[in-house]
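The values are calculated or read from the model by the stated rules, or taken from the named source; none is laboratory data. All values reported here derive from a predicted model rather than from experimental measurement. Cβ placement follows ideal geometry from the backbone for every residue including glycine, while neighbour counts extend to all protein chains displayed. Please note that ligands, DNA and RNA were not included when accessible areas were found on the heavy atoms of the full protein model with its side chains. Shrake-Rupley method; radii C 1.70, N 1.55, O 1.52, S 1.80 Å.
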Amino acid sequence: MTHLYVPPRRFAGHLAWLKFAGYRTVTMAEVARFVGGEPFEGRVVALTFDDAYQDFCEHAEPLLRRFGMTATIYAPSAFLGQYNAWDEDVVGARSPVMSAADVRRLAGAGFEIGSHARTHPFLSRVPPEVVREELVGSKRDLESATGRPVTSLCYPY
């Protein structure tokens, strides 16, 4: 599964280069405003993290803070405080997912929390009523956890 991750040292190098090159980070909510016609000033990049793994708090968050950057974190809301049961068998690794307290703290610190559905299903393989509950339920769960509006979705898989 290591091919899906950037080691912290390499990530720090990426952030240092972005900072040196004059980029600033924006959230996906800001990207949506840009797509809607609002211009950006300067060079921007959006950083996203799928699955809301707990190790974001240990590795990525301190680096992002050090470089004065933000990101959007996509969380499967039914797994907050649990682990990645949706892909444990596929990738052979059990990884902890952030808790509701983690997403609340991150949202309060300027990170955007977005929906990654409730249970990380293949949405194209479930009936429409399940898709609706996955999306509406996730938005409701995450807004309850963060106290903030959830305006972006990263389609699982």
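Structure values in brief
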item: Label of the coordinate-derived value, semi-axes √(5λ) of the Cα gyration tensor in Å, listed as [x] 29, 21, 15; [y] 26, 20, 14; [z] 34, 19, 12; result: [y]
item: Within the accessible area of the chain (1.4 Å probe), percent carbon and sulfur; result: 56 percent
item: Burial order of peptide ranges 110-116, 87-93 (average beta-carbon count within 10 Å, highest first); result: 110-116, 87-93
item: Among VAL31, GLY42, PRO8 - extreme Cα towards positive end, dipole of the chain, charges at beta-carbon; result: GLY42
item: Within a Gaussian network of the chain (alpha carbon springs, distance under 10 Å), most fluctuating of PRO76, PRO121, PRO39; result: PRO39
item: Amide H within-cut-off set for VAL26, under 5 Å, with H built and near neighbours excluded; result: VAL45, ALA46, LEU47
item: Cα-centre dipole for the chain with unit charges at Cβ (Lys and Arg positive, Asp and Glu negative), debye to 20; result: 520 debye
item: Label-point gap, in nm, between PHE67 and ARG140 - each point 7 angstrom along Cα→Cβ; result: 3.8 nm
item: Å² per residue, accessible surface of the chain at 1.4 Å; result: 56 Å²
item: Fraction of the pair-distance distribution of region 1-70 above 16 Å, Cα-Cα pairs, percent; result: 52 percent
